[in-house]
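What follows is a short report on a single structure.
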Amino acid sequence: MSATVLTINPKVSSADSGEIISYNPATGAEIGRVQNTSPEEVAAAVNQARLAQKAWRELSFSERGAFVLKAQKILLAEMEQTARLISDEMGKPASEAISMEIAPIIDLMGFFANNSAKMLRPEKINIALFGKLGRASKIIYQPLGVIGVISPWNYPLAIPLGEVVMALMAGNAVVLKPSELTPFVGLKIGELFEKAGLPKDVLQIVTGDGRTGAALVEAGVNKIMFTGSVATGKKIAAAAAKTLTPVVLELGGKDPMLVFADANLDVAANAAVWGAFANSGQTCASVERLYVQESIAGQFIEKVVGLTKNLQQNYGSEETTEIGSMVSESQLAIVENHVNDAVKNGARVLTGGKRNAKFDGAFFEPTVLTNINHSFKAIREETFGPTLPIMTFKTEAEAVELANDSEFGLTASVWTSDLNKGKRVARKIEAGTVTINEVLYTHGIAQTPWGGVKQSGYGRTHGKLGLLELVMPQHIHINRFTVMPDLWWFDYSPSFGNLFRGFARYFSKNSLAALSLLTPHILRRMRTRRASK
Ligand code: TXE
């Protein structure tokens, strides 16, 4: 194929036509066109969602779960065409769309359909002394109402579908705004639930670009679940602040991998290559920095380079493809910029380092860099592409210091045969998830939370913590002892003051003996209280 580069329009909508054009980033072929939903239409969708949510919230968990399980079965039946659509819209290998999106999300759908009731069951609270005064407290989990989901292109099915499922199971309605780079995968999510018979307007998809996303933030939803860049995350948080709309921000990462001399180097090398280059490195939790202990660096790097050179780069539709196209020319340009900046500052390219000229589309060769330091863009900024910069360290303390020298804190991994060392190091790393002898994949474990610290955002998705983001924990308190006013109400008198000095002493000791000393004060208070009627 000629080496001419397709000037693939990165799917920016032409405002006058109000359309988004979705292209295949590997071939440049147009996939289709969708509407750039207007703010008025977004507001209308949110209103319809709010109406539909009134009945939806009254369904039981098992009734809601039945729709999710039906959608799950439909997705399984349509797995091949869905994988192909994901691959066509954003370039990843179709087989990887199955392994890293469809299979994990089918598991997640089953988990939340079958376990949300247990995770959200009412909880009695032990209220100590007050419990002895005929009172009881419990927490019930109320749905928030309408959830706005704004999702990215890198896992265009798994990320939004997981949040849609959790929000629905919690009793909310959802308005989803998929990335303008992968609108048809977003519409596919709507189609799955439509075929599953989900009641009208409980889930709506509003296609469009950032303007549609901004309209959703301002449309009066009860919470925004956002996954995307730090820059956009900050815009959304600022816009949401105007209406005090809570947000969960799943932003970028610059995830470090620490390889100690006592690690299984063959396994760690395979993990590094998969963790850095799966999805062409376009994963928020991909290995974007690798630190290897100096004593074994040479042999380890040799293994990594050998494995990287063996990777099969091709169109995502090919069964044997491991590295497909990146999502867009603009994304590839970021990678080129980081690699060129590194080389200009003395980095060594051990393999890759440039666009793969065998293809017209946005293909960048998987690249291993050494001789770098923390001043490079490739270390400081989120590259979000198929690069693996490798540095060395001597001591455990130095490894932790290097890992934490970043404005990001999403995930990290520690590789060692000494699990105590692994846990010790993990606790010192500033990241939402730290895996020991594992990498990247815990977003696929539905039971576990996902989210970061620092510029990687805040809030959680997945697991019980993710589900709790989608409900309002309401405290219900009952007082059965209503034969007389409470001791602490008006009127205030000297006996009142003495009584509560006694309570203060009781609370400081929390002893029944101290409480028994209060009895005469309590009786006196009750008597005086009765006399004042
Ligand atoms: O993200 P954007 P993009 C990072 C990664 C990548 C960069 C850009 O570093 O290079 O983000 O990717 C919607 N109000 N990640 O451009 O712009 C937009 O339409 C409301 C990491 O895709 O953040 C899309 O649906 N919404 C990330 C979504 O936000 C707005 C995965 C994400 O777009 C908006 C993807 C606005 N003002 C990119 N502007 C991860 N953590 O995995 C845009 N959007």
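Only the coordinates and a few stated rules stand behind these numbers; no lab work does. These figures come from a predicted structure and were not determined experimentally. Here the Cβ is made from the backbone with ideal geometry for all residues, glycine too, and neighbour counts use every protein chain on show.
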Of Trp415, Trp153, Trp488, how do they rank once you tally other Cβ atoms within 10 Å and put the fewest first? Trp488, Trp153, Trp415
What is the extension gain from Tyr492 to Asn264, computed as 0.36 nm multiplied by their sequence separation minus the C-alpha to C-alpha distance, in nm to one decimal? 74.9 nm
What pairs from Lys195/Lys464; Lys195/Lys234; Lys73/Lys242; Lys423/Lys464 go past 32 Å between their alpha carbons? Lys195/Lys234; Lys73/Lys242
Could you give the radius of gyration (one decimal) and Dmax (whole number) of the Cα atoms in the chain, in Å? 27.7, 99
Could you work out the Kirkwood radius for segment 333-446, taking every pair of different alpha carbons, averaging 1/r and inverting it, reported in Å? 15.6 Å
At 7 Å along Cα-to-Cβ for each site, give me the label-to-label distance between Arg380 and Arg424 in nm. 3.3 nm
Ranked from highest to lowest mean number of other Cβ atoms within 10 Å per residue, what is the order of the peptides 472-480, 278-286, 430-438? 278-286, 430-438, 472-480
Chain lengthening between Asn337 and Phe130 when straightened (0.36 nm per residue, less Cα-Cα): 68.1 nm
In this structure, among Lys118/Lys188; Lys177/Lys223; Lys92/Lys223; Lys92/Lys454, pairs with alpha-carbon gaps over 20 Å are Lys118/Lys188; Lys92/Lys223; Lys92/Lys454
Label-point gap, in nm, between Lys118 and Ser417 - each point 7 angstrom along Cα→Cβ: 3.7 nm
Could you tell me how far the Cα centroid of segment 317-352 sits from the Cα centroid of segment 146-195, in Å? 29 Å
Sum of -39500 (n - 2.57) over DSSP H runs of 4+, divided by residues of the chain (222 nm, nearest 500): -13000 deg cm²/dmol
What length, rounded to one decimal in nm, is gained on full extension from Lys344 through to Val453, with 0.36 nm per residue of separation minus their alpha-carbon distance? 36.1 nm
Sorting Phe496, Ser406, Gly324 by the position of each Cα along the dipole of the chain (Lys, Arg +1; Asp, Glu -1; all at Cβ), the one nearest the positive end of that ordering is Phe496
May I ask you to list the residues of segment 400-427 whose amide nitrogen lies under 17 Å from a point 7 Å from Cα along the Cα→beta-carbon direction of Asn437? 413-427
With just the Cα atoms of segment 249-333, tell me how far they stretch along each of the three principal axes, in Å, largest first. 39, 35, 20
Aspartates and glutamates with Cα under 12 Å of Lys421, excluding same-chain neighbours fewer than 8 positions away: Asp262, Glu396
Using packing as a proxy for protection, rank 255-262, 47-54, 329-336 so that the peptide with the highest average count of other Cβ atoms within 10 Å comes first. 255-262, 329-336, 47-54
Work through the residues other than Pro366 whose Cβ is under 15 Å from its Cβ and net out their charges, Lys, Arg +1 and Asp, Glu -1. +1
